[in-house]
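Report on the following structure.
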Amino acid sequence: MSEGQKFQLGTIGALSLSVVSSVSIVICNKALISTLGFTFATTLTSWHLLVTFCSLHVALWMKMFEHKPFDPRAVMGFGILNGISIGLLNLSLGFNSVGFYQMTKLAIIPCTVLLETLFFRKKFSRKIQFSLTILLLGVGIATVTDLQLNMLGSVLSLLAVITTCVAQIMTNTIQKKFKVSSTQLLYQSCPYQAITLFVTGPFLDGLLTNQNVFAFKYTSQVVFFIVLSCMISVSVNFSTFLVIGKTSPVTYQVLGHLKTCLVLAFGYVLLKDPFNWRNILGIMVAVIGMVVYSYFCSVETQQKASETSTQLPQMKESEKDPLIAAENGSGLLSDGGGVGGGVGVQKTAAPVWNSNKDFQA
């Protein structure tokens, strides 16, 4: 099996794991929050991250992956930013209507595209933009109902969108820049995320629910669903880092909207949630957008792979021919400021990863 086929199988596996685990935890948390009255979402998320870190620590002890330390400032900043984005999303849901919160989630994709275009010089073809527009339209039809605006909620939503986009972009760029796996990054950043939410969680939950998480009556049923939610969260957190590392932040957001549609469908089938023609139409349009997006991504990936395969023999031939090599070398000297060919290559080939320094606060 070739490396390309292994990568495709790994990507499909990561996407499947992300969908199954995310839908499972949503159904579990819905039973925990709606049925049993445990409404402390931020505190619950901090427990998720603590259990994830403990599970990864056991996996490290069993030598299931290798610990690879890298820039501690980048890890700390990334972990704290992730924790802040989760808290802001919960606050956005608390201070806004459900419809406006769904609009906030929809805004993450265009914001991510804008940030990657401005700061990473990443180009999105018109076909990709068209498919994303269809997707967002479908999800909007299916999920957005009322749009009640208020100043505080709008500010919180804006901050939530920005921090979430930056955190997801950092997930992708850190893995590639420092050459760490999703497991290694998650293991090192989990403590910072967990501490951030563990400290702020009870305060935020108290602000949103007017209840004290420590005064809640923990029955055996509540404890069972909390433990189950924490166990599923290990798979959710791992698959999130895995998907973003193998694909891109935009693809992860597309996958997230697929999960939203699946949750709506499962809620109607299993929990008998209210469902109407608007939900059905929106889900159908969103699925069409996802299929079109996946098709265009696959086509563009194959085109890039074929272009790379055709360029490699030409480069090898140019290395063998001293006249061609001399011509290429003179071009690099003029671009690199007269230092040498290697400097020219570095400056022209890797502008993206140099810009990652902005995130190492």
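The values are calculated or read from the model by the stated rules, or taken from the named source; none is laboratory data. Predicted, not measured: the structure shown is a model, and the values here were computed from it. Heads up, the Cβs are rebuilt from the backbone with ideal geometry, glycines too, and the neighbour counts pull from every protein chain shown. Ligands, DNA and RNA are stripped out before the accessible areas are found, and what is left, the full protein with its side chains, is counted by its heavy atoms. Shrake-Rupley method; radii C 1.70, N 1.55, O 1.52, S 1.80 Å.
So, in nm, how far is label residue 278 from label residue 203 when the simple model puts each one 7 Å beyond its Cα toward the Cβ?
3.8
For 213, 155, 292, give me the order by solvent-accessible area with a 1.4 Å probe, most accessible first, ignoring ligands, DNA and RNA.
I get 155, 292, 213, largest accessible area first.
If you take the charge dipole of the range 90-239 about its Cα centre, with +1 on Lys and Arg Cβ and -1 on Asp and Glu Cβ, which of 173, 214, 188 is farthest toward its positive end?
In the range 90-239, that residue is 173.
Using 0.36 nm per residue, how much length does the chain from residue 298 to residue 217 gain when fully extended, once their Cα-Cα distance is taken away?
So the extension gain works out to 24.1 nm.
Using a 1.4 Å probe over the heavy atoms of the protein chains, calculate the carbon and sulfur portion of the accessible area of the range 73-181 as a whole percent.
Using a 1.4 Å probe with all protein chains present, the range 73-181 comes out at 71 percent carbon and sulfur.
With N set to the residue count of the range 13-61, report its C-alpha Rg divided by 2.2 N^0.38 Å to two decimal places. Walk me through the numbers on the way to the answer.
Values: Rg = 13.1 Å, N = 49, 2.2 N^0.38 = 9.7 Å.
So the range 13-61 has a normalised radius of gyration of 1.36.
Starting at the first residue of the range 229-238, write each ³J(HN,Hα) from the Karplus equation 6.51 cos²θ - 1.76 cosθ + 1.60 with θ = phi - 60°, in whole Hz, x for Gly and Pro.
Going residue by residue, I get 4, 5, 5, 5, 4, 4, 5, 5, 5, 5 Hz, with x marking Gly and Pro.
Quick one: what are the phi-derived ³J(HN,Hα) couplings along the range 185-194, Karplus 6.51/-1.76/1.60 with θ = phi - 60°, whole Hz, x for glycine and proline?
Per residue, the Karplus-derived 3J(HN,Hα) values read 5, 4, 4, 7, 8, 4, x, 5, 5, 5 Hz.
Read phi for every residue in the range 161-176 and hand back ³J(HN,Hα) as whole Hz from Karplus 6.51 cos²θ - 1.76 cosθ + 1.60, θ = phi - 60°, with x for Gly and Pro.
5, 5, 5, 5, 4, 5, 5, 6, 5, 5, 4, 6, 6, 5, 4, 7
How do 23, 287 stack up against each other in accessible area, from largest to smallest, with a 1.4 angstrom probe? Provide the component values of the computation, followed by the final result.
Working: 23 10, 287 60 Å².
The most accessible residue leads, giving 287, 23.
Using only the alpha carbon atoms of the range 152-214, find the Kirkwood hydrodynamic radius as the inverse mean reciprocal pair distance, in angstroms to one decimal. Kindly include the intermediate steps, with their values, before the conclusion.
Values: mean 1/r = 0.0717 Å⁻¹.
For the range 152-214, the Kirkwood estimate is 13.9 Å.
Please list 116, 66 in order of solvent-accessible area, largest first, computed with a 1.4 Å probe with all protein chains present.
66, 116
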